[in-house]
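I have placed the structure first, in the form of structure tokens, so that the comments after it can refer back to it.
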Amino acid sequence: MNPLLEQFLSEAREFLQGIGEKLMQLEDAPDDAELMVELFRLVHTLKGNSGLFEFPEMTRVLHAGEDLMDSVRKGRVAYSQALADQLLDAMDFVGLLCDEIDASGHIDASRAADSARLAKDLRALIVLTAEASAAEANLAAAEVPPKVEAATPSQLPLADLPEAVRLEAFRRARDGDAAHWISYKPVEECFFQGDDPFFTARQTPDILWGRIVPREPWPPLAEFDAYRCVLEFQTLTAAPRRELDEHYQYMPDQVDIVPVDPLFFVIPQGNPNGGPVYGDFIDDVLPHLDTGDLDALKQAAQTMLELSNPELWLSSALRWLLLLLDSIPENKMALRTLIESLRTLTPPDWSALQPSVAENSSAEQATHPGVPPQPESSPLSDEDAAAVKSIFAAQRQILSFDDKPSWLQGRLKAVACVLVNCCKVSGDPDAQDEIEKALQQSLEAGSSTPLLTWLEVREEVQAEIEAEATARDEAAGAGRDTIQANKEPPSAPAPEASTPAATAAAEEGPRFGRRAEDTSATASSKSLKVDQVKIDRLMNLIGEMVVSKNALPYLAQRAEDQFGVRELSREIKSQYAVINRIAEEMQDAIMQVRMMPVSFVFQRFPRLVRDISRKLGKEVQLVLEGEETEADKNIIESLADPLIHIVRNSLDHGLETPEVRREKGKPASGTLTIRAAQEGDQVLIEIIDDGKGIDPNIIKRKAYEKGVIDEATMERITDREAVNLVFAAGFSTAEVVSDLSGRGVGMDVVRTAVEKVNGTILLESETGKGTRIRISLPLSMAITKVMIVESDQQSFGVPMDHVVETVRVPCNAIRTIKHSKTTVLRGNIVPLKTLNDLLGLHAEPQANADNEMAVLVVRINGDAVGLIVDDFHETVDVIQKPLNGVLSGLTAYSGSALMGDGSVLMVLNVKEVV
Amino acid sequence: MPIEYKKNQAVFTDITTVEEAEGLLEWLQGKPAAKKVELAACTHMHPANLQVLMATKSRVASWPDDANLRAWLESALKFE
């Protein structure tokens with residue numbers, strides 16, 4: 001597949017997606033002109049692109065869709081549900097075609113009929129609505145030539161065909177070929193499009209007869225326009241339907257292809273002289289027919305024919321009679337009708353016989369598979385299939401004889417002939433070539449092996465197809481889903497492909513949705529679906545790489561200090577710089593792989609908001625912003641539940657009902673904004689509603705009642721701090737009622753979820769105006785910056801997010817208040833805690849030479865706390881690994897990390913420790 | 001030149017293209033009854049030319065040697 005096509009396919013899928021979305025949006029806002037223009041643009045571009053390739057089926061449907069959208073855009077046609085359905089259907093079809101092209105590189109010719117039907121349906125919508133205005137109706141009619149109902153064979157001007165042609169067609173049909181009448185009416189302006197319809201008609205496969213007729217009376221020469229095509233090309237062909245569809249695939253709306261029952265070719269013609277004399281003949285032969293003495297009948301007819309002038313009507317009828325006797329002797333009805341017609345000298349009316357023809361022919365096939373009316377379209381009944389199978393088995397037996405009689409050649413030919421006919425009947429005319437090739441080889445080699453091989457291969461294929469068919473039947477329930485494989489399974493020709501277009505349209509049109517669904521899963525696109533485990537492994541590997549890379553500076557140091565080779569040390573360092581750069585880039589690249597847009601979470605909100613607001617009887621307008629903001633997959637996923645919770649709360653408790661809102665002078669419909677943005681290495685997500693907000697006083701009281709805060713705190717805290725109490729554990733679990741009922745329910749769950757990924761959450765609210773919740777999250781959790789501290793000769797990591805500052809506090813500046821150590825830092829009292837105590841290490845903190853204590857000031861929930869440690873070290877980037885197994889119970893540590901020198905660093909979970 | 005115009009005869013050779021139709025029509029518009037077309041050497045005719053011949057009921061002086069084309073043209077250009 002060339003790159004252009006590949007690109008087209010991937011773009012086409014995007015367009016289809018876009019078209020689908022736009023149609024959905026239009027359902028909500030049918031009058032949105034901008035949306036309509038956008039939609040039109042999408043369809044238009046897609047159509048244009050499809051024109052680059054040889055996919056007339058696709059272009060045709062899209063073109064019709066484009067015309068329809070154009071009419072809608074210009075207001076000539078109103079947007080409607082039916083219209084959207086039709087368009088979606090068409091787009092499903094296009095998607096299906098895309099998949100087909102992707103899989104096989106081309107579109108199956110049988111799609112042309114579907115495509116024409118869809119295009120017609122789409123155009124019908126234009127015409128339907130445009131009827132209102134006469135002028136426009138004319139315009140539409142000019143664009144869309146009214147499609148003539150597919151003619152039935154009896155209406156065809158078959159009598160115009162020379163008898164020889166009809167005899168030939170009948171014989172071909174008897175031998176298992178198809179018979180199709182094609183009426184090709186090129187559009188009037190086709191010459192301007194560079195078409196040569198005459199050439200197309202001449203190239204019709206397996207043509208038996210053809211003629212050209214004008215479609216309308218010729219105008220006076222002075223007014224005659226040579227460049228307006230008014231010709232109609234009529235042809236009779238013995239080619240199978242599939243080939244015809246393929247040949248006319250660019251103009252299915254301009255051709256009528258009608259399968260012709262061979263009996264309709266039986267039209268005696270000629271000089272009707274000497275009518276009465278024939279009465280005797282009829283009286284003579286009818287008893288023969290009744291008694292089934294066909295030989296006598298034949299004899300009589302032959303004698304009569306020899307005696308008659310070949311120009312006579314009688315002779316013509318007799319020739320037909322002989323042919324019928326030869327080919328379908330068991331169809332007595334037909335023979336009788338033909339003989340009876342001699343009385344009146346009017347051609348027999350085969351359409352009156354049609355029902356019986358149909359009945360007979362199905363009965364006929366079992367015994368005499370010679371004249372299937374439409375070999376292409378007659379899937380064999382079980383009975384017939386069994387018969388064909390047994391015929392094959394018999395041929396196989398014959399071929400298996402290992403004697404070499406002198407009549408071997410004749411035997412081989414006979415077998416091949418039987419096989420060819422059987423294949424034709426079972427709808428597999430293509431096999432003929434293969435059989436003939438095998439026959440040729442057999443004749444040359446003087447052995448039956450090549451034919452036998454062919455037979456065996458075929459049986460295997462057949463068995464496979466059958467197995468598939470049964471499996472498919474079971475899966476699909478109804479056999480409607482006959483998939484049109486490249487190699488047409490002879491036992492299951494697709495009914496859609498062969499039934500005339502008219503009947504297909506008369507039935508409820510085939511739907512493409514299901515098939516599109518089936519295949520969309522396998523449709524390949526540019527993106528790759530990778531198991532997350534694999535990415536995690538990459539992540540781990542790069543982590544180890546970073547660690548071992550970090551060992552290089554140590555090595556350089558050793559080279560210099562221990563061995564005194566400064567030169568080598570420098571070289572190691574420069575190598576390290578290179579590896580460092582690559583490793584960082586690699587890390588970045590892997591990070592990118594894990595990045596996902598927040599739209600992944602956001603996309604479910606429109607539906608959620610719609611459903612909830614409908615249920616609550618509120619009018620809510622959802623605004624999503626910054627959907628393309630990206631963050632690590634884990635972060636995004638961890639965000640999903642808290643966000644849903646918040647949104648639900650906002651809808652339930654934040655936004656008021658339309659009546660209340662109107663009373664308060666706000667617009668009846670509330671607005672809920674969800675906004676994502678990237679700020680530095682943080683992702684900021686805001687959920688803003690313009691509802692009634694949260695009253696801090698009520699929160700304070702509730703919190704006090706629940707014992708979340710004490711009286712002093714209640715007096716002290718600001719309103720801003722108060723509203724954030726909704727996140728406090730214990731606050732939420734209470735059955736908070738009244739007007740802020742449950743506003744905090746589950747909010748501590750939200751907080752916990754956010755904090756789990758090292759995020760923070762903050763709530764701002766203004767009574768009566770609305771609430772704003774800000775969640776800030778790290779872009780990625782993979783890399784953590786930690787500060788290494790030492791205590792009791794052990795190293796610990798403290799996440800930099802928590803670290804406020806590091807200070808050296810003289811021992812005499814540490815006071816003890818009620819058994820707690822504190823110190824004053826720039827006028828603020830900071831409580832001090834010894835890390836050794838917190839971790840249960842029985843050692844006193846070590847002061848440095850100046851008798852100062854190392855204090856690491858961390859912030860926990862907005863409060864500064866000093867941790868007394870022995871010493872500070874550098875900060876490093878580490879990849880934290882969660883503690884597994886028995887260690888996972890240790891809440892004091894958030895994880896472990898490997899250091900450059902190979903040691904393991906335990907990272908403290910500061911919140912838990914303090 | 002796929003169509004060569006003589007006094008009362010137009011001689012078609014090989015393949016006549018769509019561009020010819022205009023000229024052919026012009027030529028035939030004057031006294032179509034007196035004029036004949038010579039198709040023996042013609043192998044394919046663009047339908048625009050064909051419908052000109054049909055509309056003017058042109059008489060055919062010689063049918064194409066190409067049997068297939070001849071059969072088609074006879075269906076269109078044999079006027080009783």
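Only a single criterion out of (1) in contact with a helix residue (DSSP H, G or I) (Cβ under 6 Å, 6 or more places away or on another chain); (2) within 14 Å of another protein chain (Cβ to nearest Cβ); (3) touching a residue at least 40 places away in the same chain (Cβ under 8 Å) is not satisfied by A:Ala178, namely (2). Any residue in region B:47-59 that is over 9 Å from the mean Cα position of the chain (by Cα), more than 10 Å from every other protein chain (Cβ to nearest Cβ) and small (Gly, Ala, Ser)? No, because not a single residue in region B:47-59 is over 9 Å from the mean Cα position of the chain (by Cα), more than 10 Å from every other protein chain (Cβ to nearest Cβ) and small (Gly, Ala, Ser). Whenever a residue of region B:16-39 is within 11 Å of chain A (Cβ to nearest Cβ), its partners that are among the aromatic types (Phe, Trp, Tyr), lying with C-beta atoms within less than 7 angstrom and at least six residues away or across chains, give the pairs B:Val18/A:Phe191; B:Ala21/A:Tyr227; B:Leu25/A:Phe224.
Scanning region A:214-240 for residues that are within 8 Å of chain B (Cβ to nearest Cβ), in contact with a Leu (Cβ under 9 Å, 6 or more places away or on another chain) and open to solvent by 30 Å² or more (accessible area, probe 1.4 Å) yields A:Pro214, A:Leu221. When region A:846-860 is filtered for residues that are in a loop (DSSP other than H, G, I, E, B) and in contact with a Ser or Thr (Cβ under 9 Å, 6 or more places away or on another chain), only A:Gln846 remains.
Taking the conditions exactly as written (more than 24 Å from A:Asp206 (Cβ to Cβ), more than 10 Å from chain A (Cβ to nearest Cβ) and crowded, with 18+ Cβ neighbours inside 10 Å), does B:Val11 satisfy them or not? It is true that B:Val11 is more than 24 Å from A:Asp206 (Cβ to Cβ), more than 10 Å from chain A (Cβ to nearest Cβ) and crowded, with 18+ Cβ neighbours inside 10 Å. On the basis of being in contact (Cβ under 8 Å) with a residue 40 or more places away in the chain, open to solvent by less than 30 Å² (accessible area, probe 1.4 Å), β-branched (Val, Ile, Thr) and farther than 21 Å from A:Val809 by Cα, does A:Val865 make the cut? No, not satisfied. Of the listed requirements (1) without any contact (Cβ under 8 Å) to a residue 40 or more places away in the chain; (2) farther than 22 Å from A:Pro799 by Cβ; (3) open to solvent by less than 80 Å² (accessible area, probe 1.4 Å); (4) part of a strand (DSSP E or B), A:Ser896 misses just one: (2). Those strands (runs of 3 or more DSSP E) of region A:177-265 in which 1 or more residues are over 22 Å from A:Glu57 (Cβ atoms) and in contact with a Lys or Arg (Cβ under 6 Å, 6 or more places away or on another chain) occupy A:231-237.
Residues that are hydroxyl-bearing (Ser, Thr, Tyr) number at least 2 in the following helices (runs of 4 or more DSSP H) confined to region A:22-104: A:33-50, A:56-73. Filter region A:15-59 for residues that are farther than 22 Å from A:Asp85 by Cβ and open to solvent by 60 Å² or more (accessible area, probe 1.4 Å); which is modelled with the highest pLDDT? This residue is A:Glu34.
Inspection of region A:831-845 finds no residue satisfying the criterion of being of a type in the set (D, E, K, R), under 58 Å from the mean Cα position of the chain (by Cα) and in a strand (DSSP E or B). For region A:822-846, taking the residues that are in contact (Cβ under 8 Å) with a residue 24 or more places away in the chain and farther than 19 Å from A:Phe872 by Cβ, the one that is surrounded by the most Cβ atoms within 10 Å (Cβ to Cβ) is identified as A:Pro831. With (1) modelled with pLDDT of 80 or more; (2) surrounded by 16 or more Cβ atoms within 10 Å (Cβ to Cβ); (3) under 30 Å from A:Glu243 (Cα atoms); (4) aliphatic (A, V, I, L, M) as the list, and A:Leu68 as the residue in question, which single condition is left unmet? Result: A:Leu68 fails condition (3) only. Being more than 8 Å from every other protein chain (Cβ to nearest Cβ), open to solvent by 60 Å² or more (accessible area, probe 1.4 Å) and within 19 Å of B:Thr17 (Cα to Cα) is the filter here, so list the residues in region B:60-80 that pass it. Across region B:60-80, the qualifying residues are B:Asp65, B:Arg70.
The values are calculated or read from the model by the stated rules, or taken from the named source; none is laboratory data. Given the structure is predicted, the values throughout are model-derived calculations rather than measurements. Virtual Cβ from ideal backbone geometry, glycine too; neighbours counted across all protein chains shown. Note: areas computed on protein heavy atoms with side chains; ligands, DNA, RNA excluded. Shrake-Rupley method; radii C 1.70, N 1.55, O 1.52, S 1.80 Å.
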